[in-house]
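Peer 1: Input: one structure, supplied below.
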Amino acid sequence: MSNFVIKPAVRTEKVTYAVRDIVVLANEVAKTGKEMLYLNIGDPNLFDWEPPKHLVEETYKAMLKNFNGYAPSSGIKQAIEAIEKEAEKKGIKNVQDIFVTTGASEAIDICLTALVNDGENVLTPTPGYPLYTAIQSKLQMYENPYYLDENNGWQPNIDDIKSKINEKTRAIILINPNNPTGSNSSPETLNQIIELAKEHNLVIFADEIYDKLLMDGKKHTSIASLNSEVPVITFCGLSKNYMVPGFRIGWGIVSGNRNVLKDYIEAINKLLRARLSANHPEQYAIAPSLLGDQSHLEVAMKKLTKRRDLTVEMMNAVNGISCVAPEGSFYAFPRLHNISNDAHWAKELISETGVVIVPGSGFGQVPGTQHFRIVFLPPENILEKAYKAIAQFNEKYVEKFEKQTVV
């Protein structure tokens, strides 16, 4: 037995999650006693944010009433009805199914698993949330990234999408507002994506988990609201808009032509039934969240806008760094112009300054470009301290690693 080694499944080889993987290094640096400034994980509760109290109270009441057993596989009735009303508010028509999941992540995983066969692919936004590439690896799909256009406010590059569609493409994923860039797709862009989906019989996966977190008076357009016949699954949840990522409550809304979708919906529900149910008492927070007082959003957006403005101003003031202003979410994706390896830059930054960010390569990026993601949830004094450290570090890094003469 001493020479026996259990080999993991091949499907796990390419599974990475940069947001959490970078913490391994950060933990080692923290052990040295260095002050750490964490700008890497999009968890509002780590900073000066908290959920609306009525949301937490309803969950607590549900626990006291002993709603602590299994829930229906698709979710409790009052939650489904609230999500249906939310779909109506978003302008989504022809809704065929709604289901509650353990975070939007589980909904995405289940829907991809129910759709894609070996050798097939889905179009994935790049930069984009690393969950999608992790699921691709698990399902042994081959990667088919499409690029967002940094010169056009990080809008999806329609020409690039057209060039990537092939006979094995089953779906197109849209993260809107986008993580990690904070971009908000325009109705014009969304309509072009719809036309491509119609032409090539694709399912649209619309990840809209940040749909209420928009700045500068911008409006979010749900892509499913623009066409009631195209198959769309709209993913959302409580994590970001209502600041309870630990509740792990998300959902999917299936809309489009019933005849086209019926077999796929049954496949999704097979998987929902097989995993029993999502967290039960937390589902009682869905209706009061979606249908109740929304005043926390106004307060949140004032804070986020101020921190976004500080981020963009200070990053654009650094020689060799540029930053497109995000319109939604709480992320920015600055570009490193004089750096050849963003992963190495990020590791050196963490080791030398204690400022924890995530390299752009963890989210995907146009080849030849280098970026990093900032979470601007922390208070302004922390952000300002971190950004000053980044500016000083970047100047030293370029001098040390990028200007060496090769003999």
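Peer 1: Applying the selection to the range 304-317, what residues are in contact (Cβ under 8 Å) with a residue 40 or more places away in the chain and part of a helix (DSSP H, G or I)?
Peer 2: Listed by number, the residues that qualify are Leu304, Thr305, Lys306, Arg307, Arg308, Leu310, Thr311, Met314, Met315.
Peer 1: Which residues, counting only those in the range 194-217, are of a type outside the set (Phe, Trp, Tyr), out of contact with any Ser or Thr (no Cβ under 6 Å at 6 or more places or on another chain) and within 19 Å of Leu261 (Cα to Cα)?
Peer 2: Within the range 194-217, Ile194, Glu195, Leu196, Ala197, Lys198, Glu199, His200, Asn201, Leu202, Val203, Ile204, Asp207 qualify.
Peer 1: Then there is this: Quick one: is Lys89 outside the structural domain of Val366 (by TED's automatic domain parsing), touching a residue at least 60 places away in the same chain (Cβ under 8 Å) and more than 19 Å from Ile204 (Cβ to Cβ)?
Peer 2: Here the answer is no, as Lys89 does not meet what is asked.
Peer 1: Give me a count of the residues in the range 59-79 that are buried (at least 20 other Cβ atoms within 10 Å of the Cβ) and either within 19 Å of Leu261 (Cβ to Cβ) or at pLDDT below 95 (or both).
Peer 2: 2
Peer 1: Got a number for residues in the range 157-183 being out of contact with any strand residue (DSSP E or B) (no Cβ under 6 Å at 6 or more places or on another chain) and crowded, with 24+ Cβ neighbours inside 10 Å?
Peer 2: Here the count works out to 4.
Peer 1: Output yes when any residue across the range 343-354 is free of Cβ contacts under 8 Å to residues at least 24 places away in the same chain, outside the structural domain of Asp207 (by TED's automatic domain parsing), within 22 Å of the chain's Cα centre (by Cα) and assigned to a helix (DSSP H, G or I), and no when none is. So that I can check it myself, show each step before the final result.
Peer 2: Step one: filter the range 343-354 for residues free of Cβ contacts under 8 Å to residues at least 24 places away in the same chain, giving 343.
Keeping just the survivors that are outside the structural domain of Asp207 (by TED's automatic domain parsing) gives 343.
In the following step, the residues that additionally are within 22 Å of the chain's Cα centre (by Cα) were identified as 343.
Narrowing the set further to residues that are assigned to a helix (DSSP H, G or I) leaves 343.
Yes; the residues of the range 343-354 include at least one that is free of Cβ contacts under 8 Å to residues at least 24 places away in the same chain, outside the structural domain of Asp207 (by TED's automatic domain parsing), within 22 Å of the chain's Cα centre (by Cα) and assigned to a helix (DSSP H, G or I).
Peer 1: Examine the range 364-385 for a residue that is at pLDDT 95 or above, surrounded by fewer than 18 Cβ atoms within 10 Å (Cβ to Cβ), touching a helix residue (DSSP H, G or I) at 6+ places or on another chain (Cβ under 7 Å) and under 18 Å from Lys34 (Cβ atoms), and state whether such a residue exists.
Peer 2: No, that holds for no residue.
Peer 1: Of all residues in the range 258-291, which are outside any helix (DSSP H, G or I) and touching an Asp or Glu at 6+ places or on another chain (Cβ under 9 Å)?
Peer 2: Of everything in the range 258-291, those that are outside any helix (DSSP H, G or I) and touching an Asp or Glu at 6+ places or on another chain (Cβ under 9 Å) turn out to be Arg275, Ala278.
Peer 1: Limited to the range 329-338, what total is found for residues that are part of a loop (DSSP other than H, G, I, E, B) and modelled with pLDDT of 95 or more?
Peer 2: Residues that pass the stated criteria total 5.
Peer 1: Inspect all residues belonging to the range 25-46 and state whether any of them is in a loop (DSSP other than H, G, I, E, B), over 19 Å from Glu352 (Cα atoms), touching a Leu at 6+ places or on another chain (Cβ under 6 Å) and modelled with pLDDT of 90 or more.
Peer 2: No; the residues of the range 25-46 include none that is in a loop (DSSP other than H, G, I, E, B), over 19 Å from Glu352 (Cα atoms), touching a Leu at 6+ places or on another chain (Cβ under 6 Å) and modelled with pLDDT of 90 or more.
Peer 1: Going residue by residue through the range 381-390, is there one that turns out to be assigned to a helix (DSSP H, G or I), in contact with a Ser or Thr (Cβ under 8 Å, 6 or more places away or on another chain) and β-branched (Val, Ile, Thr)?
Peer 2: Checked the range 381-390: at least one residue is assigned to a helix (DSSP H, G or I), in contact with a Ser or Thr (Cβ under 8 Å, 6 or more places away or on another chain) and β-branched (Val, Ile, Thr).
Peer 1: Quickly run through the range 15-57 and pick out the residues that are under 20 Å from Gly237 (Cα atoms) and either in contact with a Cys (Cβ under 9 Å, 6 or more places away or on another chain) or of a type in the set (A, V, I, L, M) (or both).
Peer 2: Once the filter is applied, which keeps residues that are under 20 Å from Gly237 (Cα atoms) and either in contact with a Cys (Cβ under 9 Å, 6 or more places away or on another chain) or of a type in the set (A, V, I, L, M) (or both), the range 15-57 yields Val19, Ile41, Leu46, Leu55, Val56.
Peer 1: Also, I was wondering about something else. Test of understanding: among Lys219, Lys162, Lys240, Lys212, which residue is farther than 26 Å from Glu106 by Cβ and outside any helix (DSSP H, G or I)?
Peer 2: So the residue among Lys219, Lys162, Lys240, Lys212 that is farther than 26 Å from Glu106 by Cβ and outside any helix (DSSP H, G or I) is Lys219.
Peer 1: Further, regarding this structure: Please specify each residue of the range 276-306 satisfying the condition of being surrounded by fewer than 13 Cβ atoms within 10 Å (Cβ to Cβ) and more than 17 Å from Tyr210 (Cα to Cα).
Peer 2: Of everything in the range 276-306, those that are surrounded by fewer than 13 Cβ atoms within 10 Å (Cβ to Cβ) and more than 17 Å from Tyr210 (Cα to Cα) turn out to be Leu276, Asp293.
The values are calculated or read from the model by the stated rules, or taken from the named source; none is laboratory data. Keep in mind it's a predicted model, so treat the numbers as computed, not measured. All Cβ positions, glycine included, derive from the backbone under ideal geometry; neighbour counts span all protein chains shown.
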